[in-house]
Amino acid sequence: MHWDSSDYERLELPPRDPNVVDVSAGHYAVGEAPMVLVAPALGSCVGVALYDPQAQRGAMAHVMLPRPVDAEAGGLMERFAEHAVPRLVNALREQGSLQSRLVAKLAGGAAMFRADSILATIGERNVAEVKRQLTLLRVPVLAEDTGGSHARTVELHLETGVLLVRSYLHGVREL
Amino acid sequence: MRVDSLTTMQLDALQELGSIGAGHAATSLAQLVDRPIDISVPVIELLPVTQIPEVFGSPERLVAAAYSRLSGDLGGCILFVAPEESARALADHLHNREAGATVSFGRTEEQLFLNTAHVMASAYLAAVSRMVDMDVLSGEPQFALDMAGAILQIAVVRVGMRADMAILVRTQFKGEGTVMDAALFFMPDPDSLDAVLARLGLV
């Protein structure tokens with residue numbers, strides 16, 4: 001790929017208002033309009049956004065890995081797609097959302113360094129595990145911006161259900 | 001072994017290893033840019049894998065990075081990271097241009113950055129190899145220019161499926177009278193960390 005950093009878009013960070021919630025790596029958050037859930041700097045990580053349009057309620061997970069290979073991995077289990085996706089659905093149901101109303105949007109799952117065999121596939125495996133879990137839970141994926149080799153920050157706007165994807169390479173995209 | 005069960009003595013030994021490696025890397029960088037380079041005392045960071053994306057400040061900060069996989073007797077990786085403006089300052093020095101002459105990061109600057117990273121990683125690992133009497137080499141470095149948090153996630157991938165804590169050995173480099181500021185992360189895999197400690201007689 002031929003490129004030059006002068007081609008990069010100016011990346012404007014979202015204003016820090018009280019409605020903006022940061023979802024850092026391995027965590028998840030649930031909220032209602034007018035909140036905005038932000039998962040910053042996704043590389044191989046995946047931002048999983050679930051939305052209930054009727055209640056204007058949603059949840060976002062910042063998934064790092066597909067699933068644990070060691071049952072004693074410890075720490076925050078929501079860093080694994082296998083745990084995070086069912087947890088998101090449950091969290092929304094606890095708030096009163098019907099599972100049948102939920103829709104999903106995904107972004108992330110890039111390979112920041114392609115030539116390394118372990119690193120090259122982890123993003124894809126994350127996306128695949130997220131989709132597998134969503135299929136099991138019958139939550140349709142409406143849109144995704146995954147793969148490639150660039151970083152993304154994603155914002156779930158709970159007023160509209162729009163997922164904004166920001167990157168240095170492509171600027172802002174709306175899903 | 002779990003890194004959160006490392007003893008103070010083991011951590012001190014790893015810091016010493018980092019100091020010696022970083023000293024050699026700084027000398028090689030100083031020779032490249034022909035000016036003195038200061039290094040910080042290496043920081044051993046033992047932290048939850050979920051905090052790794054934030055060790056370089058804001059996860060969205062634009063940084064240049066060179067990633068090399070370790071080969072030989074140790075597994076793991078070595079990562080050289082510099083904020084974009086520092087990477088441009090480095091290019092100014094290496095091209096013998098005035099400060100600020102490099103305004104963007106193109107293919108030439110990318111190659112210069114990779115070469116610098118390779119020289120520093122090799123110097124670092126040569127010193128580590130001598131101390132632990134093992135062969136440790138760095139593979140061909142790969143380049144990325146993007147958000148710091150996304151790049152640092154590679155450390156998570158290597159350890160996060162088996163453990164929730166990771167160890168980072170970080171050293172900062174500063175050029176005299178410039179904005180040049182960079183960091184080198186030495187990240188041996190958990191099994192390799194055991195092997196290093198065994199060689200140092202600290203298991």
Handout entry: Nearest-0.05 FRET efficiency for B:T108 and A:L136, computed from C-beta distance (R0 45 Å)
Key = 0.35
Fill in the blank from the handout: At q = 0.12, 0.20 1/Å the base-10 log of I(q)/I(0) from the Debye formula over the alpha-carbon atoms of region B:99-171 is -0.50, -1.11
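Neighbour counts of other C-beta atoms within 10 Å: give me B:M120, A:M77 arranged from fewest to most. All intermediate terms of the calculation are to be shown ahead of the outcome.
On the way: B:M120 29, A:M77 15.
Result, fewest neighbours first: A:M77, B:M120.
May I ask you to give the average projected area over all directions of the convex hull of the Cα atoms of the protein assembly as shown, in nm² rounded to one decimal? Mind dumping the intermediate values first?
Numbers: hull surface 73.1 nm².
Mean shadow area of the hull around the Cα atoms is 18.3 nm².
Taking other Cβ within 10 Å of each residue's Cβ, how do A:R166, A:R152 sort, fewest first? Don't skip to the answer; put the middle values down first.
Details: A:R166 24, A:R152 30.
Fewest-to-most ranking of A:R166, A:R152: A:R166, A:R152.
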Handout entry: Where only alpha carbons of chain B are counted, the Rg and the Dmax (Å)
Key = 16.3, 51
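So if we plug the beta-carbon distance of A:D22 and B:N96 into 1/(1 + (r/R0)^6) with R0 = 45 Å, what FRET efficiency do we get, rounded to 0.05? It would help to have the intermediate numbers written out before the result.
Working: r = 43 Å, r/R0 = 0.95.
The formula returns an efficiency of 0.60 here.
At a threshold of 8 angstrom on Cα-Cα distance, excluding pairs fewer than six apart, so keeping six or more, what relative contact order does chain A reach in percent?
Numbers: 424 pairs, mean separation 47.9, N = 175.
Once normalised by length, the contact order is 27 percent.
Take the Cα radius of gyration of chain A and divide it by 2.2 N^0.38 Å, with N its residue count; two decimals is plenty. Mind dumping the intermediate values first?
Numbers: Rg = 15.6 Å, N = 175, 2.2 N^0.38 = 15.7 Å.
Ratio of Cα Rg to 2.2 N^0.38 Å: 1.00.
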Problem - FRET efficiency, A:L98 to B:I20 (Cβ-Cβ, R0 51 Å, nearest 0.05) - result: 0.25
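Quick note: the coordinates plus some simple rules give every number you see, no bench work behind them. Because the structure is predicted, anything quoted here is derived from the model rather than measured. Backbone-built Cβ (ideal geometry, glycine too); neighbour counts: all protein chains shown.
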